[in-house]
Every structure is written in structure tokens, then in C-alpha cells.
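Q: Structure below; questions to follow.
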Amino acid sequence: MKNQVLTALIVAGFVASAAHAACNYPVAPGAFPDGSVATKEDMLAAKKLVVKYNDEMTAYLSCTKSEFDAKLASQADVTDAQKADLTRVQAQKEDAAVKEVTDVTERFNEQLRAWKAKNQTEKKSG
């Protein structure tokens, strides 16, 4: 019986560490092209980076949610206070990730608006 419990704990540890390793926080794209001088191809390439980053962050959030759910399920003896702490930490992770995605998207959209304004002006004068 002792060996079964020990084996179960070891397996659970490996699963938990593997799950934790799978939740890689994505790296945000760096600087975007200056929309006032960028080409259409530059802006399309930047858009692809933003979409890829957004997809990676969605996967990260899904992974951390799964980790959180598994952690709660595996800890039957967790107190209400401990559960509240775990929930608070999870919410902080989610909020920080969403804020970062929003900031990245806004940086891109700022350059996209500049690019569109430049191209609207060029079309009208051309």
C-alpha cells in the first residue's frame, strides 16, 4: 500500500511538472513598423506577429487554467482560504496576460491607424 501511494505521488509530481512546463508565457512582439512610412507588406507582417502572439497567449491562458483546475482537483484538503489565495493568483496571471495582449494590440493598432491615414491621404491626392 505504501508503495502504491509513493508511486502515485511520484507520477502526480511528474504530471504536474510536465503540465507546468507546457505553459510557456509567450514573448510579445518587439517594435512595430512606423505606420507613417511602412509598406503594406510591413503592416501585414506585423499583423501576422500580433495574431500569432494572440494565439500563443490564448493557448497559455488555457494551459494555466487547466493547471489551476488540476491543482484544485488534486488538493482535496485545501482550505477555503488556500483556495481563495490560489484563485487570486490565477486571476492575477490572467489579468496580467490580458493587459499585455491589449497593450501589444493597441501598439499595433496605433501604427495601423497611421498607415491607413497616410494611405487615405495618398489616394485622395493621387
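The values are calculated or read from the model by the stated rules, or taken from the named source; none is laboratory data. These figures come from a predicted structure and were not determined experimentally. Cβ: placed from backbone, ideal geometry, glycine included. Neighbour counts: every protein chain shown.
Q: Note down all Cβ pairs under 9 Å where the first residue falls in region 42-68 and is within 24 Å of F32 (Cα to Cα), the second is aromatic (F, W, Y) and part of a helix (DSSP H, G or I), and they're at least six residues apart or on different chains.
A: What qualifies is D42/W115; M43/F108; M43/W115; A46/F108; K47/F108; L49/F108; V50/F108.
Q: Test each condition in (1) within 19 Å of L49 (Cα to Cα); (2) surrounded by fewer than 11 Cβ atoms within 10 Å (Cβ to Cβ) for E122 and report the one that comes out false.
A: (1)
Q: With respect to S36, is the statement that it is over 26 Å from T121 (Cα atoms) and of a type in the set (S, T, Y) true?
A: Criteria not met by S36.
Q: Answer yes if at least one residue in region 56-76 is modelled with pLDDT of 95 or more and either in contact with a strand residue (DSSP E or B) (Cβ under 8 Å, 6 or more places away or on another chain) or under 30 Å from N119 (Cα atoms) (or both), and no otherwise.
A: no
Q: Quick one: is K116 touching a residue at least 40 places away in the same chain (Cβ under 8 Å) and part of a helix (DSSP H, G or I)?
A: Yes; evaluated as a whole, the condition is true for this residue.
Q: Would you pick out the residues in region 40-87 that are surrounded by 12 or more Cβ atoms within 10 Å (Cβ to Cβ), closer than 21 Å to P29 by Cα and of a type in the set (K, R)?
A: Within region 40-87, K47, K52 meet the criteria.
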